[in-house]
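> Following this message is one structure expressed as structure tokens.
Only the coordinates and a few stated rules stand behind these numbers; no lab work does. Bear in mind that the values here come from a model prediction, so they are computed numbers and not experimental data. All Cβ positions, even for glycine, are placed from backbone atoms using ideal geometry, and neighbour counts span all protein chains on display.
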Amino acid sequence: MYSSVFRTLVFPALEWYSGTTIQQHLAALNKSQWWSKDQIAELQNKKLRMLIRHAYDNVPYYHRIFSQRGITPENIKTKEDLKKIPVLTKDDIRKNLPDLIARNTRPSDRIESHSSGSTGEPLKYYIDKRSYSAGWAQTFRCWSWAGFQLGDPYVKISLNPRTSMVKKIQDRVLQTKYVFAMGITDTTIAQEMEKIRAFNPKIIRNYASHMYTMAKLMEKNDIQYQGATVATTGSMLFPQYRNVIEKQFNCRVFDAYGGESTAVSFECEEHNGYHISDEDVIVEFLKEGEQVVPGERGRIVFTNLDNFAMPVIRYDIKDIGTYTDESCPCGRGLSLMKSVEGRDSDIIMTPSGDFIVVEYFVILFEYMAGVDQFQVIQDTLDHLTVKIIKNQQFTDEELHHIRNEIQKRAGPDVRIAIEFVQDIPVYGREGKRRLVLSHVPLKI
């Protein structure tokens, strides 16, 4: 009953008050997801031309870049023409932030945002209400693939405590239960899960890494949950994480990928890769500046088609992924991202030119009873430091196995140092934990 009233009365009133258009955007997305690939590409190109014209006319940074390269808006007609524009990096944003803000937007039209800063360097940027609305509409569409409707209750688990009274009121109106992740421990997991059970949510949303930690605590305390879909985001969802979460929560996990307030891609009910949010973003997969072939690793570079307050064109998010030109069995015309392999600093490059992705280390350490946490740091091309928080079950055999397996994978020219530590730091505002951290530039 509340869901129906919420969709017809409450949510429209909230949108009128806040100046957002989430519901309108969601209605359009629910139709366009069934369009043909050509129809979606036509929409992308139309929105791209509008964005490019706006950036050239109103954004000093882009007007300068275009002029330096002899580019005019007429030179960018389709997404294939984007390669004429240089890639935008985090450093470019930090150094040119005032010049990236559109001169024809008022401060009240802009929402100040920050990236998580998982490498220790948070990034400040701005979005407008149209882009904010598009991001939430894309999220709600993904949740609808799992049976969620606007107004249904959902749980949000976060590493940031809820202190704002406005946010608390918003949670109550939106049927949202906010759970502070740091309050979930071995001694409180049963109590916290009972609170969630009593709330009876349709969706439980959390970072993939923390959801896995919760599921492991549930497994340890023989706790099962059923009745909600788990939606993960914000960090890598490794197959091992997915298996444990789905076992303890008796559901399929719906994973999402994005960055800098841009909803990039989501899993549908087929779980056959990640549908790219084509209506609102153009995604490229680049190697040495050129688009890779399907199945080949490439740098993920995206263009947000909705953010006119601070246009983000060809932004290198510093992640590595693969795409496929296959179609999803669900029948949607949205393109597919096959996998996200992590940050470029999450991938180890060996002296032989081989790559070791973070998942290799997750698999290596998963069943070692004596290891509570680990982190692999690549200081130089030929040196790895493996930090381990061990417990009483740790043995010399495990130590020998860790060293030998990493040595075999990295090659004989790599020196491996193993350090036993009491703590492994987290990074950024959301407190993300980096399992692998490479300081060697990745040649992709």
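> Taking other Cβ within 10 Å of each residue's Cβ, how do TYR225, TYR367 sort, fewest first?
TYR367, TYR225
> I need the phi-derived Karplus couplings for region 255-272: 6.51 cos²θ - 1.76 cosθ + 1.60, θ = phi - 60°, integer Hz, Gly and Pro marked x.
8, 9, 9, x, x, 6, 6, 10, 7, 8, 7, 9, 7, 9, 5, 7, 6, 10
> Using the basic label-point model (7 angstrom from Cα toward the beta carbon), what is the ASP396 to ASN30 distance in nanometres?
Label-label distance for ASP396 and ASN30, simple model: 6.6 nm.
> Given the Cα-Cα distance of LYS216 and SER67 and 0.36 nm per residue of separation, how much length would full extension add, in nm?
48.2 nm
> Taking the inverse of the average 1/r across all pairs of different Cα atoms in the chain, what Kirkwood radius in Å do you get? All intermediate terms of the calculation are to be shown ahead of the outcome.
On the way: mean 1/r = 0.0428 Å⁻¹.
The answer is 23.4 Å.
> Moving to a separate point now. For region 180-310, what size does the Cα cloud have along each of its three principal axes, sorted from largest down, in whole Å?
The Cα atoms of region 180-310 stretch 50, 34, 26 Å along the principal axes, largest first.
> Below 8 Å, C-alpha to C-alpha, sequence gap of six or more: please give me the relative contact order for region 2-336 in percent. Write out the running numbers ahead of the final one.
Numbers: 573 pairs, mean separation 67.1, N = 335.
So the answer I get is 20 percent.
> Using Cβ contacts closer than 10 Å as the measure, can you line up ILE196, ILE76 from fewest to most? Numbers along the way, then the final one.
On the way: ILE196 17, ILE76 24.
Listing ILE196, ILE76 from fewest to most nearby Cβ atoms yields ILE196, ILE76.
> Further, regarding this structure: Multiply the residue gap between GLN149 and GLU15 by 0.36 nm, knock off their C-alpha separation, and tell me the result in nm, one decimal place.
46.6 nm
> Using DSSP, restrict attention to beta bridges with both residues in the chain and report what percent are antiparallel, rounded to the nearest 5.
Numbers: 42 of 67 bridges.
So the antiparallel bridges amount to about 65 percent of the total.
> Return a whole-number percent for the relative contact order of region 347-438, with Cα pairs under 8 Å and 6 or more residues apart as the contact set.
After rounding, I find 34 percent.
> Between region 51-102 and region 131-204, what is the separation of their alpha carbon centroids in Å?
37 Å
> Then there's this: Cross-link list LYS84/LYS408; LYS156/LYS247; LYS247/LYS287; LYS83/LYS408; LYS156/LYS220; LYS37/LYS287: which exceed 31 angstrom alpha carbon to alpha carbon?
LYS84/LYS408; LYS247/LYS287; LYS83/LYS408
> Based on DSSP, what percent of beta bridges with both residues in region 111-250 are antiparallel, to the nearest 5?
25 percent
> Given bins 5 angstrom wide, list per bin the percent of all Cα-Cα distances in region 347-438, short to long.
With a bin width of 5 Å, the distribution comes to 3, 13, 25, 27, 18, 10, 4, 1.
> Sticking with the crude label model, points 7 Å out along Cα→Cβ, report the distance from PHE420 to ASP91 in nm, one decimal please.
The two pseudo-label positions are separated by 4.0 nm.
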